[in-house]
Amino acid sequence: QLQLQESGPGLVKPSETLSLSCSVSGGSISSSSYYWGWIRQPPGKGLEWIGSIYYSGSTDYNPSLKSRVTMSVDTSKNRFSLKLSSVTAADTAVYFCASIAARTYFDYWGQGTLVTVSS
Amino acid sequence: QSALTQPASVSGSPGQSITISCTGSNSDVDGYNYVSWYQQHPGKAPKLMIYDVTNRPSGVSNRFSGSKSGNTASLTISGLQAEDEADYYCSLFTSRGTYVFGTGAKVTVL
């Protein structure tokens, strides 16, 4: 069973870049069966897909965030990462990483990490 | 892409059945069988309950079932229990390789 764990700063200043990593255990990030994704949830609001990546480095991003998002994968460390640039208070949210089975559904999730954008 | 539309709240008494709908803005749900459902308790990560419209992962109670008719997918919870009180989200994997979530439905057990 896969386990995912997010890590990164809990506080980011406006206009700076938010950087998070997701460590994967219990399986290989190079598995052909999985894509890997980031999802966020502003306090008291619903879920929003940010982007997804395959172990080859192929990415898909939410069109509404595409200009600010970069995702990468490090197969040697079995982890993948998210960078979101030019953040504002609207980017304050709990950020979840998740595995995506058959490229269609999110089957395992990290516990989530709260990122607050504030000066 | 617009979020899928779900009712804000659904309630029922213990033992009853309830259904949560998930409607697309165009023919996106109708044309694709990649609808999944997630249960989220407060302060917790979402949990996969249904995938590919009707499939239930191992370990998920058979009280949860999924279906689709036209552009609306549905999650039915039968034999409602107190532990089912949570937020529920649908999700769609689209033909463009993107994902869209529903607006979320809060289930209350009366």
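The values are calculated or read from the model by the stated rules, or taken from the named source; none is laboratory data. Since the structure is predicted, the reported quantities are computational estimates derived from the model, not experimental observations. Cβ: placed from backbone, ideal geometry, glycine included. Neighbour counts: every protein chain shown. Note: areas computed on protein heavy atoms with side chains; ligands, DNA, RNA excluded. Shrake-Rupley method; radii C 1.70, N 1.55, O 1.52, S 1.80 Å.
Numbers at a glance
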{"quantity": "Residue within region B:17-29 that is part of a strand (DSSP E or B), closer than 25 Å to A:P42 by Cβ and in contact (Cβ under 8 Å) with a residue 60 or more places away in the chain present", "calculated": "yes"}
{"quantity": "Yes/no for A:Y108 being part of a strand (DSSP E or B), open to solvent by 20 Å² or more (accessible area, probe 1.4 Å) and of a type outside the set (D, E, K, R)", "calculated": "yes"}
{"quantity": "Where B:S21 falls short, out of the listed (1) within 11 Å of another protein chain (Cβ to nearest Cβ); (2) surrounded by fewer than 18 Cβ atoms within 10 Å (Cβ to Cβ); (3) of a type outside the set (D, E); (4) closer than 12 Å to B:T76 by Cα", "calculated": "(1)"}
{"quantity": "Single residue of region B:41-56 satisfying the filter (in a strand (DSSP E or B), more than 7 Å from chain A (Cβ to nearest Cβ) and touching a Phe, Trp or Tyr at 6+ places or on another chain (Cβ under 7 Å)) that is nearest to A:T104 (Cα to Cα)", "calculated": "B:I50"}
{"quantity": "Verdict on B:S11 being farther than 11 Å from B:G104 by Cβ and either touching a Pro at 6+ places or on another chain (Cβ under 7 Å) or open to solvent by 50 Å² or more (accessible area, probe 1.4 Å) (or both)", "calculated": "yes"}
{"quantity": "Considering residues of region A:65-105 that are under 11 Å from the mean Cα position of the chain (by Cα) and open to solvent by 70 Å² or more (accessible area, probe 1.4 Å) only, the residue nearest to A:Q1 (Cα to Cα)", "calculated": "A:R79"}
{"quantity": "Which numbered condition B:T72 fails, given (1) at pLDDT 95 or above; (2) under 14 Å from the mean Cα position of the chain (by Cα)", "calculated": "(1)"}
{"quantity": "Considering residues of region B:82-101 that are in a helix (DSSP H, G or I) and of a type outside the set (A, V, I, L, M, F, W, C) only, the residue farthest from the chain's Cα centre (by Cα)", "calculated": "B:E83"}
{"quantity": "Pairs, first without any contact (Cβ under 8 Å) to a residue 60 or more places away in the chain and among the small types (G, A, S) in region A:28-41, second open to solvent by 40 Å² or more (accessible area, probe 1.4 Å) and not in a strand (DSSP E or B), C-beta under 7 Å, six or more apart", "calculated": "A:S30/A:Y55; A:S30/A:T75"}
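One line per residue, one yes/no per condition, for (1) within 14 Å of chain B (Cβ to nearest Cβ); (2) in a strand (DSSP E or B):
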{"site": "A:C22", "(1), (2)": "yes, yes"}
{"site": "A:S32", "(1), (2)": "no, no"}
{"site": "A:I39", "(1), (2)": "yes, yes"}
{"site": "A:G51", "(1), (2)": "yes, yes"}
{"site": "A:S81", "(1), (2)": "no, yes"}
